[in-house]
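Undergrad: Right, I'll just put the structure down here and ask away after.
Every read-out reported here was derived from the displayed coordinates using simple, explicitly stated rules and does not represent laboratory data. Predicted model, so just to flag it, every value in this text is computed and none were measured. Virtual Cβ from ideal backbone geometry, glycine too; neighbours counted across all protein chains shown.
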Amino acid sequence: MANTLEQLLNYSKQYGFVFQGSELYGGLANSWDYGPLGVELKNNLKAAWWKAFVTHNPYNTGIDSGIILHSETWIASGHVKGFQDPLMDCKECKTRHRADKLIELHSKGKVDADGWSHEKMREYIEINKVKCPVCGNFNYTDIRNFNLMFKTHQGVLEDDKNLVYLRPETAQGIFLDFKNVLRTSRKKIPFGIGQIGKSFRNEITPGNFIFRTREFEQMELEFFCKPGTELKWFDYWRSFAIDFLKTLGLSADNLKLYDHPQEKLSFYSNATTDILYRYPWGFDELWGIASRTDYDLKQHQEHSKENLEYLDPETSEKYLPFVIEPSLGVERLLLAILNDALVEEVVEQTNESRTLLKIDKRLAPYKVAVLPLVKKYHQEKTESVFENVLKRHVAVYDDTGNIGRRYRRQDAIGTPYCVTIDNQTTEDDTVTVRDRDTMEQVRVPIGELNQYLQSKLDL
Ligand code: GAP
């Protein structure tokens with residue numbers, strides 16, 4: 001059975017994947033902290049992406065740019081003028097809404113008002129008497145534009161000259177460093193630059209748990225290629241992205257492609273596809289892949305007055321490269337992974353049900369749990385085995401409650417292997433290793449344990 005959003009939220013809180021942000025002070029709306037298991041899962045997702053898109057990729061390399069960039073960046077990129085949503089307030093209950101989303105909600109997804117003029121949206125809302133989804137009244141302010149970038153000031157003076165923005169995407173940092181990377185990495189076109197990091201957007205309607213938040217992490221690749229070859233590379237990275245999701249264990253049935261129709265493309269894009277995932281509320285955007293032409297480099301060239309052209313060493317041609325951009329949110333991926341992996345299963349032998357996080361071993365927060373069968377008798381030996389396992393594997397020690405319950409807990413958080421120290425261990429220096437999925441147990445000599453786990457985990 002599919003998980004509900006509430007089940008995912010409760011599960012995440014119960015086991016320490018995700019906590020309400022600033023809970024101690026009553027919580028900060030729509031902000032989330034990642035607990036001991038959540039941070040491991042996030043790190044494992046980022047490591048898998050970095051490996052596939054950067055370190056183990058023949059084309060690409062990586063950077064880590066600033067969150068605060070020169071303010072001109074956002075004028076050049078178009079964010080200062082264009083990165084805004086149509087905002088409306090309900091005068092009765094004082095809630096804020098995105099006009100296009102109100103229309104989408106009212107039409108049950110049948111009308112896509114993205115890109116409509118304010119007039120067109122106002123007219124639709126009037127004619128269809130679109131009521132406030134919170135209080136049911138029909139009494140709104142006029143529609144106005146709201147820029148989603150967080151502003152702050154750098155230095156002591158809070159004047160316009162010192163105005164800076166928290167980046168709303170990691171991509172622009174890559175464009176700013178394009179020439180530096182080209183000069184120092186000896187890369188030749190086609191090549192890409194990847195980056196993982198925090199982005200900030202003052203979203204009008206955050207929600208759906210960690211799906212849409214104001215602070216989130218992106219994993220972005222800007223892939224530079226020769227003009228005219230971009231659609232070939234667009235197809236390449238689109239397939240690469242889908243394969244990547246499947247290797248992480250996402251079921252193909254829960255993935256779907258949405259190709260933006262030509263008339264809805266951003267003015268600088270000649271192809272855009274969203275990879276949608278079947279979240280508990282339906283299919284929604286997980287990963288955006290866009291062919292962005294030479295728009296960004298051209299804009300930065302114009303605004304910085306620096307030549308950003310590429311000189312082809314073989315043909316001596318000079319051109320501004322075109323760009324393919326696969327852009328993925330870490331938290332949206334994490335939610336998809338949890339949703340796909342979390343199952344309630346009936347154990348055939350005992351007819352009992354167990355909560356199981358059937359997650360890819362590479363992503364599991366802990367790879368191994370080391371457990372004394374009975375704390376009173378086996379604690380000392382277990383602690384020494386644990387120390388040894390920790391030298392090679394991400395492991396956890398647990399001696400609270402009976403062994404059956406401890407196995408269930410490890411199943412629920414996706415730990416692939418449980419190592420148990422019992423009476424036989426004191427006699428022959430062997431331990432039991434229990435497999436999360438099959439629940440089969442084998443005895444392994446302590447001296448061979450790390451190697452055994454390594455071969456099983458195949459990391
Ligand atoms: N540089 C291109 C770019 O940022 P986007 O479609 O606005 O494109 C890319 O964002 C991805 O970032 C989305 O597909 C999603 O995974 C993630 N994302 C965007 N806004 C988000 C938000 N408010 N909360 C969580 N993730 C978000």
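Undergrad: Give the lysines whose C-alpha is closer than 23 Å to that of Lys161, dropping any in the same chain fewer than 8 places away, or say none.
TA: Lys81, Lys151, Lys305
Undergrad: To the nearest 20 debye, what charge dipole does the stretch 174-274 have about its Cα centre, counting +1 at the Cβ of each Lys and Arg and -1 at the Cβ of each Asp and Glu? Before the final figure, lay out the partial values.
TA: Numbers: 15 positive and 13 negative charges, 99 e Å.
Using Cβ point charges on Lys, Arg, Asp and Glu, the stretch 174-274 gives about 480 debye.
Undergrad: What is the percent of Cα-Cα separations in the stretch 98-221 that go past 18 Å?
TA: Details: 5235 of 7626 pairs.
Percentage above 18 Å: 69.
Undergrad: Just to confirm my understanding: which cysteines in the chain have no other cysteine beta carbon less than 4.7 Å from their beta carbon?
TA: So far as the 4.7 Å Cβ criterion goes, Cys225, Cys418 stand without a partner in the chain.
Undergrad: Return, for the Cα atoms of the stretch 372-459, the radius of gyration and Dmax in Å, separated by a comma.
TA: 12.0, 34
Undergrad: Can I ask one more? When averaged across all projection directions, what area in nm² does the alpha-carbon convex hull of the chain cover? Write out the running numbers ahead of the final one.
TA: Details: hull surface 110.8 nm².
Average projection, Cα convex hull of the chain: 27.7 nm².
Undergrad: Can you compute the charge dipole magnitude of the stretch 103-256 about its Cα centre, using +1 on each Lys and Arg Cβ and -1 on each Asp and Glu Cβ, nothing else charged? Give it in debye, rounded to the nearest 20.
TA: Numbers: 24 positive and 21 negative charges, 95 e Å.
So the magnitude is around 460 debye.
Undergrad: Taking the stretch 172-269, which trypsin sites (Lys or Arg not before Pro) meet the DSSP loop condition and have no more than 10 other C-beta atoms within 10 Å? Write down the numbers at each step before the final one.
TA: Values: sites: Lys179, Arg183, Arg186, Lys187, Lys188, Lys198, Arg201, Arg212, Arg214, Lys232, Arg238, Lys246, Lys256, Lys264; in loops: Arg186, Lys187, Lys188, Arg201, Arg214.
Those that pass, being in a loop and sparsely packed, are Arg186.
Undergrad: Suppose we keep just the DSSP beta bridges with both residues in the chain; what percent of those would be antiparallel, to 5?
TA: Numbers: 67 of 78 bridges.
Roughly 85 percent of the beta bridges in the chain run antiparallel, per DSSP.
Undergrad: Using the Cα centre of the chain as origin and beta-carbon charges of +1 (Lys, Arg) and -1 (Asp, Glu), tell me which of Leu257, Gly282, Asn147 is placed farthest towards the positive end of the dipole.
TA: Going by the charge dipole, the pick is Asn147.
Undergrad: Sort out for me the Cα centre separation of the stretch 224-274 from the stretch 148-200, rounded to whole Å.
TA: 23 Å
Undergrad: Continuing with the same structure: Could you give the dipole magnitude of the stretch 339-380 about its Cα centre, charging the beta-carbon of Lys and Arg +1 and that of Asp and Glu -1, in debye to the nearest 20? Write down the numbers at each step before the final one.
TA: Working: 7 positive and 7 negative charges, 64 e Å.
In total the dipole reaches around 300 debye.
Undergrad: Okay, next question. Taking one equal scatterer on every alpha-carbon of the stretch 98-138, how large is log10 of I(q)/I(0) by Debye at q = 0.14, 0.18, 0.19, 0.21 1/Å?
TA: -0.25, -0.42, -0.47, -0.58
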